[in-house]
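The values are calculated or read from the model by the stated rules, or taken from the named source; none is laboratory data. All figures in this text were calculated on a predicted structure; none of them were measured in a lab. We place every Cβ from the backbone using ideal geometry, glycine too, and count neighbours over all the protein chains shown. Just the protein is used for accessible areas: all its heavy atoms, side chains included, with ligands, DNA and RNA removed. Shrake-Rupley method; radii C 1.70, N 1.55, O 1.52, S 1.80 Å.
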There are 4 protein chains.
Amino acid sequence: MSDSTVFKPLGRRLRLAVIGGGPGSFIGAMHRQAARLDDRYELVAAALSSDPERARLGGQEIGVSLERSYPSGQALIDAEAQRADGAEVVAIMTPNDSHYAFAMQALERGMDVICDKPMTNTLEEAQALHAKAQATGQVFCLIHNYTGYPMVRQAKAMVMAGQLGEIRLVQVEYVQGNRAKAGPSKSAWKDDPARGGPSLVLGAIGTHAHNLLCFMTDLDVAEVAAEIGSIVPDRVTHDYAGALLRMSNGARGSFWITQAATGVENSLRIRISGELGTLEWTQEHPQVLQFKPLDAPAQVRTPNGPGTLPLSARASRIVAGHPEGFHEAFANLYSNAADAIIARRTGQVADPLSLYFPNSHDGLQSLRFVAATVVSSANQGAWTAL
Amino acid sequence: MSDSTVFKPLGRRLRLAVIGGGPGSFIGAMHRQAARLDDRYELVAAALSSDPERARLGGQEIGVSLERSYPSGQALIDAEAQRADGAEVVAIMTPNDSHYAFAMQALERGMDVICDKPMTNTLEEAQALHAKAQATGQVFCLIHNYTGYPMVRQAKAMVMAGQLGEIRLVQVEYVQGNRAKAGPSKSAWKDDPARGGPSLVLGAIGTHAHNLLCFMTDLDVAEVAAEIGSIVPDRVTHDYAGALLRMSNGARGSFWITQAATGVENSLRIRISGELGTLEWTQEHPQVLQFKPLDAPAQVRTPNGPGTLPLSARASRIVAGHPEGFHEAFANLYSNAADAIIARRTGQVADPLSLYFPNSHDGLQSLRFVAATVVSSANQGAWTAL
Amino acid sequence: MSDSTVFKPLGRRLRLAVIGGGPGSFIGAMHRQAARLDDRYELVAAALSSDPERARLGGQEIGVSLERSYPSGQALIDAEAQRADGAEVVAIMTPNDSHYAFAMQALERGMDVICDKPMTNTLEEAQALHAKAQATGQVFCLIHNYTGYPMVRQAKAMVMAGQLGEIRLVQVEYVQGNRAKAGPSKSAWKDDPARGGPSLVLGAIGTHAHNLLCFMTDLDVAEVAAEIGSIVPDRVTHDYAGALLRMSNGARGSFWITQAATGVENSLRIRISGELGTLEWTQEHPQVLQFKPLDAPAQVRTPNGPGTLPLSARASRIVAGHPEGFHEAFANLYSNAADAIIARRTGQVADPLSLYFPNSHDGLQSLRFVAATVVSSANQGAWTAL
Amino acid sequence: MSDSTVFKPLGRRLRLAVIGGGPGSFIGAMHRQAARLDDRYELVAAALSSDPERARLGGQEIGVSLERSYPSGQALIDAEAQRADGAEVVAIMTPNDSHYAFAMQALERGMDVICDKPMTNTLEEAQALHAKAQATGQVFCLIHNYTGYPMVRQAKAMVMAGQLGEIRLVQVEYVQGNRAKAGPSKSAWKDDPARGGPSLVLGAIGTHAHNLLCFMTDLDVAEVAAEIGSIVPDRVTHDYAGALLRMSNGARGSFWITQAATGVENSLRIRISGELGTLEWTQEHPQVLQFKPLDAPAQVRTPNGPGTLPLSARASRIVAGHPEGFHEAFANLYSNAADAIIARRTGQVADPLSLYFPNSHDGLQSLRFVAATVVSSANQGAWTAL
């Protein structure tokens, strides 16, 4: 990644609209920064708030014209679809319960879609949305941003190249402390089970952990034995989930997530062991991939260091030894999606290395995982197939 | 800890006999080094091998007289029990399936016992041995050496002092790669389910993980939902075990152990989260205890650094910044046990800080855990009470 | 930092031109990404190559119009200065020996300047350029990008707030391996002492280390005792420099830089000790600032974690626990400069927290340090005042 | 290392006497633990205090008979030399200014000597003592305990095996905070320049840093440009020293030590770069040796892990993944010395791998380094040959 690849094939940037992510939203700013970093998008329209005045002011703050600052996602999609210079891509970063509706509408209007995770709140919606995405052939990029890190992609590439041999054992944890205190969440919808999905913690971070595990191992989760619940007193929505895993190739695994671990910032950590070696990665030091081969000294792999495989090299913008972070990983998904969108819209074949972004199939797999986990927990931890 | 505390009350060192740990045994040398470090023991007798000639030569190599180099544990216990200057303490470091018999015999002859883990192979033996230890009032020290680390004891002391508040979430992993390759083990008894116990991996490292978790949290495991098995092809004995945990206070947890993670050396790692903070410790860097308090910067605690509590201070022999390791942790158990033994034999009251070594009750608890885990795994992961 | 602050006061983005950084240049792409991230700039003109055809093609690739893709920096400055919609800001990322000329020309034409380091090759040029910048009152931002990291700014803020007390001891090292192999450099000008400045290693990374030290300690280097040289056989230009330091307040220090340390990626590391505590930071894990206070446990500070001071908070775009890196630090300087430029051009007062970017005074100080180091080394390490 | 090697050749342990290290002394207990760990020594005599009553009580506490608890080192040496069962080895752990006299006396009486560092306070004493040790042929082991760490020995062995190629660049730092506070030291002699040597900080930790550097690189320091001084207000004795180094093969280096870095525990850190790779080691995590080879991924070497060389393997008692620390490194020197002593006394040839302990030549080299550093500092940092 680096500078834009849009000017040559397209002569301009892709026209992007955003729904959600209004003033003060961390994730909204992150999406827009990610869209800008590699210069493949021009932000032309926004629906930042359901309050018309806040929508207008918010648009102004980020350089969107008054005319194209919409008071709702629906309005945005309707209006932009009718403009000759309308948005070609819609990025959705609203609360979980509206992802489905906006994504369906955008797909129906011929737009390509970038959608925050979880893809939907329910498995049924996920199935319908995946079917729609497949039917239209439009691009659907699901923002599991951790898959954008260079060393995550290095791990995936090493696994796919057989450097680990058959995968045997996996562990993934995603531990945070941002819900360790009792009391209401900052965002009211997160305390409303009807809006936050069947399991808040699974939607919020469990889908990340599941997706990352599948991405890095090139495997699916086949069966799960799980417990989900709330450990903080007087809390309704889930704040932890544990599971044992059986992977599609027979590998065994451990899955542990929580948002109630006091003082822990963002410990997303994964270990993958195969016949020939073990890989370890932790999100808080994303530039380090530990590789522990059979009968040879442990290695510390870094972006663009010796042994870097093409999928990883393409995901990094730096020379070895300089840190990249969350923004760059996030931007990789936006830029991968842009490459796919441009290829589709210009009738070209996209660079295969651009196509490793999570899509609606991955979103559906995560919702299957959520559903099976909920069932298993309700059945006293019984092994449940996805 | 540091120099001996035996000369003042006793005028001499405690007389120690060892059963097992012959020439070439890592754990045998470790026990003897641990016994020497703080100068509380004199090694007077040994049964290092069932081969009489090897037993004699082995004894000679470690400075034990010919006369007291026995060809069997039974012979050692019988003969030493009849000597006026006989061994007062017997340390057992034989394969798992003989711990029970030697420990029972030693207790019956009035000896204090130091025993390697797992205490026994079966729950029934564990119950009988614990009952015997209680009935005799003799000292029974079970070598879960990880409980001897200064920062493990600091963690326990912080938990007991309420610095974490109510414990909510726990995670323990013990991951090794020493059985990652297919084929027979170095020690034949480890491939024989009849000798290695109901689950080799649980006996070998699972009891360590269980014991450490209970030690540090001051809690018991109440229920377990588990799977155990063999992931390396063509292996009979278990090489991995995963479990979800419900602790005695309602805390939830994750447990993951394996000896089949290629290239991983000895990753015993624990995280304990309470209402007021989280503690993290990993055996490979034992001098570091991370404390992540609620709403305050994360701290790095080290032995004898600021905030050290007495239980930890007493477990360290160094000034802050100098590393201690496996030997010193191991020696702490030997020295704690010596203090308890001397107090018992001289009719004194032992320093309460000496009494935090694992005992037959802890050994019994671990065997209960093993048994419940085996049952749960056989019942498709059903929650099983200990 | 996050979204743009230009739309409200200016109604549009600042018009930026770049000189240097053509296709394939890491640093060119980095500058443009940094300019884009916070949406304060629009790239309107470029002089990417002295070859007119390469300049045109390069401009096209990055979305600059043919008309404003210039074959030289001089041509760019001349033409843009005459346009009503001409570039307001010029960013210079050419080889070291042309920084001076382009920066002087831009300042003379009323443009604000962003300039890569080292500011100039000689002390005389640095003095002249600083004088010019002061005389014009225009903004001059020198890209010592390491000063943009949130935890570097946290350190500076803690020092300025007195949390370390009087600074006593400092250490800075900048160790790389990118010139460990004998033979010519990738860029020919780096092997030409006439173009690379009096000491290549000091210009390339020594000015970074010097600037970072002064930035974080809020002190100047007063005297230096140094040796510079070439350790790789048959090399003409310098590849290492060591120095002892006396700081302006009497603190003592150590300075060590090299580009010849085989296999080392980019170890820029700093330790600052004061009466009340020590701070440690290393560029390869930029999100971690270790604080070791007097008589209290060591702390691990992270962006937006507890204890974050405003200067640091403003330099970060994330929630605690998510990594930022080189791009974000770099972008902070661009965005700080933009805030200063907009304030100047609109007659407003800039937010004081925006004004901590390195400027021409800092550039001059680094050139003084380089000059004194060269003199000291030539005088057998004699202490030399800056 | 592991169990004793004395019983076979000698039929008993070596008889050891200690001078210094009385009750409450950290270093005294450490010496005795180190002597015990591998069971090569029996402690038979002690002079723990110049106060006769304290000497007697101290002896009793550590199991030394009343008769052989001496009120002075002189008395001990005189009396033990006349006993048929007298001490064969004397270990000296008194304040620096008496090392010379006790060591000379012991050598003159035919005893082997283990001596704490610095060997002497002055260069003249060091020369005389080294000459005496050479003349007698007795064993003189100088306790630079850091040379006993398995990974330090691995580094030395890798360097000697040519795995780094020609050494080019070295860095060593030894940074502590134990004298960061103003006011008197715990031990009064440390504030008395007449007793603490020409430079307290150089004697206390500088000789460690110098010795470690020479040990690991297999090189000498040839020239030094230095500054030493006191940074804590109102302090007479030195608390920091910085130097630039020229090594005997032309390599260049940086040296930085202080005991006044508030809050830092014991940061002894070394980096060695050669044509083929770089090694990095830090005392606070002694089990990790980082190896960064040319054009290959960085490696993490650990004791007994893949690639372990014999000199390192022999210095470790554990299986890979289990931590060793300060005691074991310390004990390695005691056990190496014992092997040399037994070989000498029995007329055998010692295992060459036992002979890498620091000796009187190394002690002399360190005193030369101290002297040259003092001269250079007095001469405004002028390069000074050792």
If you take the Cα atoms of region C:83-143, find Rg, then find the Kirkwood Rh from the mean of 1/r over all pairs, what is Rg/Rh? 0.95
Once Rh is set to the Kirkwood radius over Cα pairs, what Stokes-Einstein translational diffusion coefficient, in µm²/s, holds for region B:298-337 at a temperature of 37 °C and a viscosity of 0.692 mPa s? 302
What number, in nm² with one decimal, is the all-direction average of the projected area of the convex hull of the alpha-carbon atoms of region A:126-179? 6.7
State to the nearest 20 debye the size of the charge dipole of region B:35-126 about its Cα centre, where the only charges are +1 on K and R beta carbons and -1 on D and E beta carbons. 140
When the convex hull of its Cα atoms is projected in every direction, mean area for region A:132-217 (nm²): 8.5
So what is the relative contact order of region D:31-159, in percent, for Cα pairs below 8 Å that sit 6 or more residues apart? 16
Cα gyration tensor, region A:14-150 - rounded (a/c under 1.5), prolate or oblate: rounded
Could you state the number of Å between the C-alpha centres of region C:253-289 and region B:173-190? 41
Answer in debye to the nearest 20: the dipole magnitude of chain B about its Cα centre, from +1 Lys/Arg and -1 Asp/Glu charges placed on Cβ, is 360
Normalised per residue, the volume inside the convex hull of the alpha-carbon atoms of the protein assembly as shown in Å³ amounts to 162
State whether region B:232-273 is rounded, prolate or oblate according to the following rule on the C-alpha gyration tensor (a ≥ b ≥ c being the square roots of its eigenvalues): a/c under 1.5 gives rounded; otherwise a/b larger than b/c gives prolate, and the remaining case gives oblate. oblate
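Which shape class applies to region D:27-101: rounded if a/c is under 1.5, otherwise prolate when a/b exceeds b/c and oblate if not, where a ≥ b ≥ c are the square roots of the Cα gyration tensor eigenvalues?
Rounded is the answer for region D:27-101, as its axis ratio a/c remains below 1.5.
Efficiency by 1/(1 + (r/R0)^6): what FRET value for A:LEU353 and B:SER248, r their Cβ-Cβ distance, R0 = 45 Å, to the nearest 0.05? Don't jump to the answer; show the numbers that get you there.
On the way: r = 52 Å, r/R0 = 1.15.
Result of the calculation: an efficiency of 0.30.
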Counting only protein chains, not ligands or nucleic acids, how are B:HIS361, D:HIS99 ordered by accessible area (probe 1.4 Å), most first? B:HIS361, D:HIS99
Chains B and C: how much accessible area gets covered up at their contact, both sides added, probe 1.4 Å, in Å² to the nearest hundred? 700
What value, in deg cm²/dmol to 500, does the helix sum -39500 (n - 2.57) over DSSP H runs of n ≥ 4 give at 222 nm once divided by the residues of the protein assembly as shown? -10000 deg cm²/dmol
In cubic angstrom, how much convex hull volume per residue do the alpha carbon atoms of chain B span? 137
Evaluated at 10 °C with a viscosity of 1.306 mPa s, what Stokes-Einstein diffusion coefficient in µm²/s does region C:159-281 have when Rh comes from the Kirkwood expression over alpha-carbon pairs? 105
Quick one: if the Förster radius is 51 Å, what FRET efficiency do A:GLN60 and C:ASP51 give, using the C-beta to C-beta distance and rounding to 0.05? 0.75
Mean separation of Cα pairs under 8 Å and 6+ residues apart, divided by the residue count of chain A: what relative contact order is that in percent? 20
Region C:320-386 -> Rg/Rh from Cα coords, Kirkwood Rh, value 1.21
Using a 10 Å cut-off on Cβ to Cβ distances, tally the other chain neighbours for every residue of D:313-324 and report the average as a whole number. 6
Once both labels are modelled 7 Å past Cα along the beta-carbon direction, what's the A:ASN379-C:TRP189 spacing in nm? 6.9
Lys, Arg +1 and Asp, Glu -1 on Cβ, resulting dipole of the protein assembly as shown about Cα centre, debye, nearest 20: 0
What's the carbon and sulfur percent of chain B's accessible surface, probe 1.4 angstrom, rounded to a whole number? 51
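Starting from 0.36 nm per residue, how many nanometres of slack lie between B:GLU67 and B:GLU42 once their C-alpha separation is accounted for?
So the extension gain works out to 7.4 nm.
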Debye intensity ratio in log₁₀ form over the Cα atoms of region C:53-93, taken at each q of 0.24, 0.30 Å⁻¹: -0.86, -1.18
Work out the charge dipole of chain D with +1 on the Cβ of Lys and Arg and -1 on the Cβ of Asp and Glu about the Cα centre, then indicate which of D:LEU386, D:VAL6, D:VAL172 is farthest towards its positive end. D:VAL6
Take peptide A:24-36, look around each residue's Cβ out to 10 angstrom, count Cβ atoms belonging to other protein chains, and average those counts. 4
Per 5 angstrom bin, beginning at 0 and ending with the bin that holds the maximum distance, the Cα pairs of region C:267-377 fall in percents of 2, 10, 14, 16, 19, 16, 12, 8, 3, 0
Report, in order of residue number, the helices in chain C meeting two criteria: a C-alpha extent of 24 Å or more along the helix axis, and a mean Kyte-Doolittle hydropathy of at least -0.5; treat each whole DSSP H run as one helix. C:326-346, C:360-378
Principal axis dimensions, region C:113-152 - Cα atoms, whole angstrom, descending: 33, 22, 13
